[in-house]
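Visitor: Before I ask anything, let me first share the structure, which is written out below as structure tokens.
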Amino acid sequence: MAKATIDHRGPEFADLTARLLEGLRYLFKTKHDVFMYPASGSGAWEAAIANTLSPGDRVLLFEQGFFAQTWAKVASRFGIDVVNVEWNPRIGVRPEAVIRQLEQDATIKAVCIVHNETSTGVTTDIESIGRAMRDSGHPAMLFVDAVSSLAVTDLQHDAWSIDVTVSGSQKGMMLPPGLAVLAVGPRAMEAHEGAMLPRSYWDWDDQKRFNERGFFPYTPATNLMFGLEEALAMLAEEGLENVFARHALFGRVTRAAVEGWGLDVVSQNESEASQAATAVLVPKGHDADAVRALILDRFDMSLGTGLDPFRGQVFRVGHIGDLGPLQLIGTLAGVEMGLQLSGVISKAEGVAAAMEALIKDTAI
Ligand code: PLP
């Protein structure tokens, strides 16, 4: 990424674009359109909405957590009628719940689901939702936020009947923030033709026209694209399935530590616990942000803060991206010392349990 920025209208650049679009198709597991913008993941949310919907269209969202609710806010600001379904954020969205809503309302244009809700560390089974939606015959599109699941947890844009998948560079792709990526299926492209929301920066027609020649309608994030090429090479070298297995293992190892501390994670079901980040509940009477502040101060390690609806009640341990087993054990050691110093735990048995889990597991 520190290489000199090249001419984004020159032949060398066109070759780079073509390689990256192909690499993104491999990541999203799609043979259809993929796009990339100089933007964060929130830009990808906006691109999905602005390109496919018209003012007053209705979309379905569930109260999965902070990011699902922020996506709902983005849609509302575009004049979309958001059906926001009350949901227990400690479990993944169930296909039956989606179908129940769709059966009551034939006008819903899209169902927006966060694959891995980073605020809670709960993953939703997108494959089952995609299958149930197609079996139901309801015409709603399926939009999936894969910001913290792409290149972390298996996600199959085409095979799971997803219409738009959105993500960003700074998580599974191991890059700095600043690159928004999307996969767009044929039904979403068709919806795009009749969609009336105003769009300029995000317009897929402009992107497609330029991308076909290897270029972009405006200045792309060239140096992040250099980084993306390397990230794609690293992921391919490790093998995507091995990348998923490594993240799954790190999730299990982290939860072993949490159990060793005698604490709970937000995810109620082990099968839905995130491979990307673990949200740990601190017992009543303790402030999770005070624990985080102490760990930052004493050990120079920054943990994720609790986000609504778990503000002050959880801290989040990230185990995503370019991470090896010893970095994870070091991270958990920092958490354990912080928990002890804060008086949240009296027995320091988490790291030992994590190491035990790591030794026993043969995933890596
Ligand atoms: N969706 C999820 C699941 C996220 O975790 C995030 C950010 O962490 C976002 C969306 C928003 O992405 P960004 O902050 O890159 O705009």
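No lab work stands behind these numbers, since they all come straight from the coordinates. Values in this document were obtained by computation on a predicted structure and should not be read as measured data. Virtual Cβ from ideal backbone geometry, glycine too; neighbours counted across all protein chains shown.
Visitor: Give me a comma-separated list of calculated 3J(HN,Hα) values for segment 261-278, in order, Karplus coefficients 6.51, -1.76, 1.60 applied at θ = phi - 60°, integers in Hz, x for any Gly or Pro.
Guide: Per residue, the Karplus-derived 3J(HN,Hα) values read 7, x, 10, 10, 9, 5, 4, 6, 10, 4, 5, 9, 5, 5, 8, 9, 7, 10 Hz.
Visitor: Report the FRET efficiency, 1/(1 + (r/R0)^6), for Leu341 and Lys73, where r is their Cβ-Cβ distance and R0 is 51 Å, rounded to 0.05. Present the calculation step by step, with values, prior to reporting the outcome.
Guide: On the way: r = 37 Å, r/R0 = 0.73.
The calculated FRET efficiency here is 0.85.
Visitor: So, one more: Distance check, please: which entries in Lys284/Lys360; Lys29/Lys109; Lys31/Lys109 exceed 27 angstrom between their Cα atoms? Don't jump to the answer; show the numbers that get you there.
Guide: Values: Lys284/Lys360 33 Å; Lys29/Lys109 24 Å; Lys31/Lys109 23 Å.
Pairs exceeding the cut-off: Lys284/Lys360.
Visitor: Given the options Arg246, Arg255, Arg187, which has the most mean-square fluctuation in a GNM of the chain, springs set between C-alpha atoms less than 10 angstrom apart?
Guide: Ranking Arg246, Arg255, Arg187 by mean-square fluctuation puts Arg187 first.
Visitor: Determine the gain in length on full extension of the stretch Glu229-Ile91; use 0.36 nm per residue of separation and subtract their C-alpha separation, reporting nm with one decimal. Walk me through the intermediate numbers first.
Guide: On the way: separation 138, 0.36 × 138 = 49.68 nm, distance 3.53 nm.
Contour length minus Cα-Cα distance gives 46.2 nm.
Visitor: Oh, and also: Farthest toward the dipole's positive end in segment 185-339, which of Ala288, Gly330, His319, given Cβ charges of +1 (Lys, Arg) and -1 (Asp, Glu) about the Cα centre?
Guide: Value computed over the given set: Ala288.
Visitor: If you don't mind, there's one more thing I want to ask. If I take all pairs of Cα atoms in segment 119-260, what percentage of them are more than 18 Å from each other?
Guide: Details: 6632 of 10011 pairs.
Across segment 119-260, Cα pairs with separations above 18 Å total 66 percent.
Visitor: Take the alpha-carbon positions of segment 150-221, form their convex hull, and give its projected area averaged over all directions (one quarter of the hull surface) in nm². Each step should come with its number before you reach the end.
Guide: Numbers: hull surface 23.2 nm².
Averaged projected hull area, Cα only: 5.8 nm².
Visitor: How high is the relative contact order of segment 240-360, given as a whole-number percent (alpha carbon pairs under 8 Å, six or more residues apart)? Don't jump to the answer; show the numbers that get you there.
Guide: Numbers: 183 pairs, mean separation 38.8, N = 121.
After rounding, I find 32 percent.
Visitor: Taking only the Cα atoms of segment 276-356, how large is their convex hull per residue, in Å³? The partial results should precede the final answer.
Guide: Details: hull volume 7.2 nm³, N = 81.
In segment 276-356, the Cα hull volume divided by residue count equals 89 Å³.
Visitor: Please work out how much length the chain gains when fully extended from Glu127 to Glu238, using 0.36 nm per residue of separation minus the C-alpha to C-alpha distance, in nm with one decimal.
Guide: 37.5 nm
Visitor: Out of all DSSP beta bridges in the chain, what portion is antiparallel? Express it as a percent rounded to 5.
Guide: Numbers: 22 of 39 bridges.
If we restrict to bridges inside the chain, about 55 percent are antiparallel.
Visitor: Right, next: Which of Glu63, Glu86, Glu229 moves most in a GNM of the chain, Cα contacts under 10 Å?
Guide: Glu86
Visitor: Taking the Cα atoms of the chain, what is the range of coordinates along each of the three principal axes, in descending order and whole Å?
Guide: Largest first, the chain extends 61, 54, 35 Å along its Cα principal axes.
Visitor: With the crude spin-label approximation of a point 7 Å out along Cα→Cβ, what separation in nm comes out for Ala14 versus Tyr26?
Guide: In this crude spin-label approximation the distance works out to 2.3 nm.
Visitor: If you don't mind, another one. Given 0.36 nm per residue, what is the gain on full extension from Asp105 to Thr305 after removing their alpha carbon distance, in nm?
Guide: Working: separation 200, 0.36 × 200 = 72.00 nm, distance 3.69 nm.
Once the chain is fully extended between Asp105 and Thr305, it gains 68.3 nm.
Visitor: Could I ask something else about it? How big is the equivalent ellipsoid of segment 1-145 along its three axes, where each semi-axis is √(5λ) from the Cα gyration tensor, reported in whole Å from largest to smallest? Don't skip to the end; give the middle numbers.
Guide: Numbers: eigenvalues 201, 53, 52 Å².
For segment 1-145, the semi-axes come out at 32, 16, 16 Å.
Visitor: Also: Could you compute the FRET efficiency for Asp361 and Ile329, with r as their C-beta to C-beta distance and R0 at 22 Å, rounded to 0.05? Let's see the in-between values first.
Guide: Working: r = 13 Å, r/R0 = 0.59.
My answer for the efficiency is 0.95.
Visitor: Moving on. Output wanted: per-residue J couplings in Hz (rounded whole) for segment 95-107, from phi through Karplus 6.51 cos²θ - 1.76 cosθ + 1.60, θ = phi - 60°, x for Gly and Pro.
Guide: Per residue, the Karplus-derived 3J(HN,Hα) values read x, 4, 5, 5, 5, 4, 5, 5, 5, 7, 8, 6, 8 Hz.
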